[in-house]
Structures are given as structure tokens and as C-alpha cells.
1. Given a 1.4 angstrom probe, what's the average accessible area per residue across the chain, in square angstrom?
2. How much of the accessible area of the chain, in percent, comes from carbon and sulfur atoms when a 1.4 Å probe is used?
3. Read through the labelled values (1) 15.8; (2) 17.9; (3) 14.2 and report the label of the one computed as Kirkwood radius over Cα pairs in Å from the structure.
4. Apply the Karplus curve 6.51 cos²θ - 1.76 cosθ + 1.60, θ = phi - 60°, to the phi angles in the range 29-42 and return the couplings in whole Hz, x for Gly and Pro.
5. Mind giving me the nanometre distance, one decimal, between the label points for Glu27 and Phe98, set 7 Å out from Cα along Cα→Cβ?
6. Along the range 64-74, what does the Karplus equation 6.51 cos²θ - 1.76 cosθ + 1.60 (θ = phi - 60°) give for ³J(HN,Hα), rounded to whole Hz, x for Gly and Pro?
Amino acid sequence: MALEQLQVEVDGMRSGLTRWCKTHFGEAFVAWMHIKVIRVFCESVLRYGLPVDFTAVLYKVAKNKDQALTDALDKALGEGGNAGDDVNDDDDEDYHDFVLLKFDP
């Protein structure tokens, strides 16, 4: 009897938690995207200065093609050689002539 009652209670809690997660996931995702946009803006201003004159672009990359896209952007937007190869960031991220933030939901 007690085991069945606990099972009913657990099922009720699980359904409530699932409903709460479905309700708040969208809000958390939007907040995460806003943080990414603010970071792009801040890094662009810090890198290129004021006045603000840049274009932010969001690319959806096919699986295992992200390095090819990064190389193509380096070639198109870069100044030839990778002048920033000797720059050591705290995050161990590669330096590019553009602001690059990866997004893996």
C-alpha cells in the first residue's frame, strides 16, 4: 500500500516538474541568446572600437563542417596570414580577424 502511494506521489511530482521545465525552457533559452548577443556586441566594441559599425551573422553549420566554415571566413575576412597565432588567450581560443562565438544548445 505504501509503495503504491509513493509511486502515485512520484508520478504527480514528475508531471509537475515536466510541465514546469517545458514552461521555462523557452525563457531560459531566450535569456541565453541575449547573453550571447551582448557578448558579441561587447567583444566587437572592444576589438574594433567606437563608433559601432559591424554586422552580426548567425550561421547554422552542417555536422563536421565548422572548421571549413571558419577557414573560409578567415580567408575571406582575414588579412592573409594569421597575425594572431602567437596571441595566447586565457580561454585557449583561436584568434580570428572577426568575433566568433560557437553555440551548442
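1. 90
2. About 58 percent, which is the carbon plus sulfur part of the accessible surface.
3. Recomputing Kirkwood radius over Cα pairs in Å here picks out (2).
4. 5, 4, 5, 4, 5, 4, 4, 4, 5, 5, 5, 4, 4, 5
5. 3.5
6. 6, 10, 5, 5, 5, 5, 4, 5, 5, 5, 4
The values are calculated or read from the model by the stated rules, or taken from the named source; none is laboratory data. Not measured: the values here are computed from a predicted model. Cβ: placed from backbone, ideal geometry, glycine included. Neighbour counts: every protein chain shown. The area values use the complete protein model at the heavy-atom level, side chains included, leaving out ligands, DNA and RNA. Shrake-Rupley method; radii C 1.70, N 1.55, O 1.52, S 1.80 Å.
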